[in-house]
Amino acid sequence: MNFLKRAGKSIIARKGKTLIMLIILTVIGSLVLSGFAIQEAAKNAGEEARKELGATVTLQVDRQKQMQERQASGERGRPEQQAISLEEIKAVAKLSEVKSTNYLSQATATSSSVDPVTSESAAASDSEQKGPGAMEMPEGMTTPDFSLNGVTSMELMNT
């Protein structure tokens, strides 16, 4: 208990230094607490804004999941095109939390009568890709000549 007695005497003897340390500790503590309060207020404001504004929903067929399911089942050949039904789109659009919907669709096509136009840099990169480590298409599949992407509204796309 001798150290508590000496600490008390030191505090009384050095009043100026003790007062300055107390003020510094008070300021630092209040800054830390106000930082936590600001962080919580910003989080709550974000949640409230999200609730008021609604959400933009982007519907898209999960092609990667389809490919995994096809590989797991051992199917071969050209995959069938699956789309989200119009009824499902309308059901999502009618939800009160949804402000707008955007439907993405992708299609590929091959052609035997049209030759693709390539630049010199594209031809060089194609020859590099055919070296070791190049990706091979599964048996019975060809690389598509054309790829088309469609959306309901370009304004809703993330830029």
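Nothing in this text is a laboratory measurement; each read-out follows from the coordinates by a stated rule. Quick caveat, the model's predicted, so the values are computed rather than measured. In this analysis, Cβ positions are derived from the backbone assuming ideal geometry, glycine residues included, and neighbour counts consider all displayed protein chains.
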Suppose the chain between R14 and A72 were pulled fully straight at 0.36 nm per residue; how much longer would it get relative to their current alpha carbon spacing?
13.1 nm
Given a Förster distance of 25 Å, report the FRET efficiency between T26 and N2 from their Cβ-Cβ distance, rounded to the nearest 0.05.
0.30
Name the lysines eligible as straight-distance cross-link partners of K5: C-alpha to C-alpha under 20 Å, and not fewer than 8 places from it in the same chain.
K15, K17
